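Taking it in order: structure first as structure tokens, then the write-up.
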Amino acid sequence: MKRIGIISDTHGYWDERFAEHFSLCDEIWHAGDIGSMEVAERLSELVPIFRAVHGNIDGGDIRRMFPEVLRFRCEEADILLKHIGGYPGHYDRSVFLSLRLRPPHLFVCGHSHILRVMYDKSYQFLHINPGAAGLYGCQRVRTLVLLTVDGHEFKDCQVVELGNMPHF
């Protein structure tokens, strides 16, 4: 059993509460638009395993370190992580065939800044977009997700609200 912290769209912003919320996690998964190597390094220092994909705003240093798509196993679960992915019924064409031909148990993506935790009945997998944890974007509330992976099951899903977006 592993406790997972899922985050996306930090856009180079570090919030000290990341460390607090991820303190009991075994892994952190970042679904892209990390925004700076500093954020990636600080997140990776919090847990034994840090996994990430690059997003559309990430520069060459992050793109060299993190792939566009990452498929891996956690416990007995098949996980697919990609920045631009869409959501059930509206998947991005860049990932649609992978999801259709070889559906994972969990598909995690970011990009939209819209928090979504949904089960895709058509392909029978869980879809999570943790929303956005940074200060850039149109989201009203900054969020991240905590989740337990137990074998191939997902339990104890918790949405953490980091507060409203500041008004500049």
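The values are calculated or read from the model by the stated rules, or taken from the named source; none is laboratory data. Just so it is clear, the model here is predicted, and its values are computed rather than measured. No Cβ is skipped: glycine too gets one built from the backbone with ideal geometry, and neighbour counts run over all protein chains shown. Surface accessibility is based on the protein's heavy atoms, side chains included, excluding ligands, DNA and RNA. Shrake-Rupley method; radii C 1.70, N 1.55, O 1.52, S 1.80 Å.
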- What are the residues in the stretch 130-146 that are of a type outside the set (V, I, T), in a strand (DSSP E or B) and closer than 18 Å to M165 by Cα, if any? P130, R142, L144
- Task: Being open to solvent by 20 Å² or more (accessible area, probe 1.4 Å), in contact with a Cys (Cβ under 9 Å, 6 or more places away or on another chain) and either of a type in the set (D, E, K, R) or more than 16 Å from A77 (Cα to Cα) (or both) is the filter here, so list the residues in the stretch 117-155 that pass it.
- Result: V117
- Task: Could you tell me whether S98 is open to solvent by 40 Å² or more (accessible area, probe 1.4 Å), modelled with pLDDT under 95 and either under 16 Å from the mean Cα position of the chain (by Cα) or over 23 Å from E161 (Cα atoms) (or both)?
- Result: yes
- Of (1) in a loop (DSSP other than H, G, I, E, B); (2) under 19 Å from H30 (Cβ atoms); (3) in contact with a helix residue (DSSP H, G or I) (Cβ under 7 Å, 6 or more places away or on another chain), L162 fails just (1)
